[in-house]
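Below is one structure; the comments refer to it alone.
The values are calculated or read from the model by the stated rules, or taken from the named source; none is laboratory data. All values reported here derive from a predicted model rather than from experimental measurement. Here the Cβ positions follow ideal geometry from the backbone for every residue, glycine too, while neighbour counts run over all protein chains shown. Please note that ligands, DNA and RNA were not included when accessible areas were found on the heavy atoms of the full protein model with its side chains. Shrake-Rupley method; radii C 1.70, N 1.55, O 1.52, S 1.80 Å.
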Amino acid sequence: MQLVVLDMAGTTVADDGLVELAFGTAARRLGVEPGSADHAEKLAHVRATMGESKISVFRHLFGDEETAHRANAAFEEAYGELVDAGRIAPVPGAREAIEALQSAGRTVVLTTGFARVTQDALLDALGWRDLVTLTLCPADAGGRGRPYPDMVLAALLRTGAADDVRQIAVAGDTSYDMLTGRRAGAGIVAGVLTGAHGAERLAAAGATHVLASVAELPALVGVI
């Protein structure tokens, strides 16, 4: 494995339910009342699609493009406020795993389904701006996020770190991360149990391995 593509929230960053909190704020701003059947239905979809590009989720929930973009902007603003309030932290051992991989000559890329402004807020809050050489959000890969393979393939094209897609390792905490890795042809598609989905769902979506956390990834790719 020469290129390692890692998800952020739930995989390298402990999210602790912030996606649902930010969704609740965004939904209220669009008139979806907490406790209503409509709210419950939309929240269930948000939970089921953890890992998917957020604008895609809001397109499904609200239908028209204008409302979807308003919802997405409200979500990103609410999530950013939670980040600024110190509500995030790295998954234990995540930074050490990334540094171990890079010290061993592997190229590490961080990806997210959030917009660039939110990804940058996460990186700043964690002090990770200079941790890796490349970070990607859906807009950086043509606009399509997970479960499309675009961000993984963009990581390969931009870094030139591998000669074959089978030299790519992808790790994430959702079924969408697994689908992305499989569709990109990655040699390792590792699910981690620190986020949204459990082992059974990760395996069903195509995980080649299921790990307790991303801290176990260096050993899996033969670095430690």
Item to check | Elements of type helices (runs of 4 or more DSSP H) in the stretch 100-191, at least 3 residues being under 20 Å from V57 (Cβ atoms) and either of a type in the set (A, V, I, L, M, F, W, C) or in contact (Cβ under 8 Å) with a residue 60 or more places away in the chain (or both) | outcome: 116-126, 175-184
Checklist entry - Has the stretch 84-99 got any residue that is free of Cβ contacts under 8 Å to residues at least 60 places away in the same chain, small (G, A, S), part of a loop (DSSP other than H, G, I, E, B) and open to solvent by 30 Å² or more (accessible area, probe 1.4 Å)? => result yes
Checklist entry - Are there any pairs, at least 6 apart or on different chains, whose C-beta atoms fall under 8 Å, with the first in the stretch 30-51 and under 13 Å from V19 (Cβ atoms) and the second of a type in the set (D, E, K, R), and if so, which? => result L43/E20; V46/E20; R47/E20; M50/D173; G51/D7; G51/R146; G51/D173; G51/D177
Checklist outcome for this item: R59 meets each of (1) touching a residue at least 12 places away in the same chain (Cβ under 8 Å); (2) outside the structural domain of S175 (by the TED database); (3) among the basic types (K, R) with one exception, condition (1)
Checklist entry - How many residues does the stretch 1-37 contain that are at pLDDT 90 or above and farther than 19 Å from L131 by Cα? => result 3
Checklist entry - Counting just the residues of the stretch 128-163 that are under 15 Å from the mean Cα position of the chain (by Cα) and of a type in the set (S, T, Y), which one comes out farthest from L3 (Cα to Cα)? => result Y148
